[in-house]
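The values are calculated or read from the model by the stated rules, or taken from the named source; none is laboratory data. Given the structure is predicted, the values throughout are model-derived calculations rather than measurements. We place every Cβ from the backbone using ideal geometry, glycine too, and count neighbours over all the protein chains shown. Note: accessible area is taken over every heavy atom of the protein model, side chains too, but ligands, DNA and RNA are not part of it. Shrake-Rupley method; radii C 1.70, N 1.55, O 1.52, S 1.80 Å.
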Amino acid sequence: MQFRKQISSALVRKQIVFCGLLWSCLACQPNYLYQEEKIIANSIWTYDDAVSFTFQIDDTEAQYNLYLDIRHSTQFPFQNLYTMIQTTYPSGRTVDSRISIDMANKLGEWYGKCSQEDCLLRVNLQQGAFFKEAGAHQITFEQYTRKDSLAGVNVLGFAVEAVKNIN
């Protein structure tokens, strides 16, 4: 009888530890409010192929982190990528900004996670952002390099992460 109690107690302790570890792992996961990827046709991003993402913001007091994910070929011909970003707010107001994204260092080594064929680069567009307007927002990315047809860009992704307030 004593042996069964010891086995039962040990099993309960293992289950409690397992549940605790599982809960802590799940609690550390990003809290994505929105996440989507769009495939670039034939892996050639042209001036005419703007990529748009529409997402809903309900809480104007919360903070958000905004990410751009770029999956590109290891044969991508440039060290950086220029893009025009247009944000359209629910009121119709738009804000444009141009950014240069470093894709590789000066030695040609790619940033991000790479395999033999492609790389995934996550770009922190904005940390701790606030949205003044609730409703549907749209963000559009336009290829803005010197070449109309930019080969080697396979997928663009966009994610909005709700920041957890620690109070």
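Scanning region 112-127 for residues that are closer than 16 Å to residue 156 by Cα and over 15 Å from the mean Cα position of the chain (by Cα), we see that the one that is most open to solvent (accessible area, probe 1.4 Å) is 114.
Of everything in region 48-84 that is closer than 14 Å to residue 142 by Cβ and among the hydroxyl-bearing types (Ser, Thr, Tyr), the residue that is nearest to the chain's Cα centre (by Cα) is 52. Across region 49-79, which residue is nearest to residue 129 (Cα to Cα) among those that are touching a strand residue (DSSP E or B) at 6+ places or on another chain (Cβ under 9 Å) and among the charged types (D, E, K, R)? The selected residue is 59.
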